[in-house]
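Read-outs: derived from the displayed coordinates by stated rules, not from any lab. Given the structure is predicted, the values throughout are model-derived calculations rather than measurements. For neighbour counting, all protein chains shown are included, and Cβ atoms are generated from backbone atoms with ideal geometry for every residue, glycine included.
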Amino acid sequence: RLRKFYNLDMILAVGYRVRSPRGVQFRQWATEKLKEYLIKGFTMDDERLAEPGGIDYFDELLERIRAIRASEKRFYQKVRDIYMTSTDYDPKNPVTQDFFAIVQNKMIFAVTGKTAAELIKDRADAGLPNMGLTTWKGAGHGRVLTKSDAAISKNYLNREEVSTLELLVGQYLDFAELQAKRRKPMTMHDWIEKLDSFLSVNEQDILKNAGKISAEIAKQIAENEYDKFDAERRTIEAERADEEIRSLTNEESQFFILSFIR
């Protein structure tokens, strides 16, 4: 038999307005989903994802979860939680404070063959669009590139590198959590060796030293390039504003002349 199909936006709009028992059921269901989203930041149809039929968005869901797990704050939090189980863990020890930077550096090196500092030095360029950055916080919502964005190595990764990094981070966090659950006594050095073993199994390059460029020098390079980039951006914006003013002035002049002739 023939089936009628309706626009989803129309269905939602009608569902919130109709006063029938079915409409009440819809609003209860929608409110439950909205409440879960507002509290947790997500809502899912577990059954639909577990038993796909028709268009399947599961891969998209996994990709978005990988991106979240690889975000700097989330990754730092998970790494910190795992390494707090180390027998020699001391939050005040400089070695502990540098530990996350070491792990992050090894991950960046595995993907690019460069340390985070070397990556910034090689890719920060005031002459390139967006200074060579491929992304930054709020980039998709109109937020302009700032100096602090220019000093973050991950912002210079291309799409393929980002995808590889997200896969590595996800696998490594699972690997590290499994190691932690075994409750085998581990030192900070042991965890570094486990990370190297993990990268070796995945046939990734392993960083053996701190690299040729310090984080301080890389930050200075990024900030210098940003200053040049920002100065050029401001010049272009000023010229564009002047052009718009001239255009408006010309239009007003033409309007005055036409009004006078009439």
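Observations on the model:
- Where N is the number of residues in segment 45-116, Cα Rg divided by 2.2 N^0.38 Å: 1.56
- Segment 10-30-segment 32-77 distance, computed between alpha-carbon centres (Å): 25
- Using the Cβ-Cβ distance between I11 and R80 with R0 set to 51 Å, the FRET efficiency from 1/(1 + (r/R0)^6) comes to roughly 0.65.
- Cα shape, segment 1-64, gyration tensor, a/c 1.5 rule: oblate
- Computed over the Cα atoms of segment 118-262, pair by distinct pair, the Kirkwood hydrodynamic radius stands at 19.6 angstrom.
- Based on DSSP H segments of at least four residues, each scored -39500 (n - 2.57), the chain has a per-residue ellipticity at 222 nm of -21500 deg cm²/dmol.
- Fraction in percent of alpha-carbon pairs per bin - 5 Å, the chain: 1, 5, 8, 10, 12, 11, 9, 9, 8, 8, 7, 5, 3, 2, 1, 1, 0, 0, 0
- Note on I68, I221, I39: ascending count of other Cβ atoms within 10 Å places them as I39, I68, I221, the fewest first.
- Sorted from longest to shortest, the spans of the Cα atoms of segment 97-203 along the three principal axes equal 50, 28, 27 Å.
- The count of lysine pairs in segment 118-205 with alpha-carbon distances below 15 Å, taking only pairs 8 or more places apart or on different chains, stands at 6.
- Extension gain for the segment T187 to I39, taken as residue separation times 0.36 nm less the Cα-Cα distance, is 49.5 nm to one decimal.
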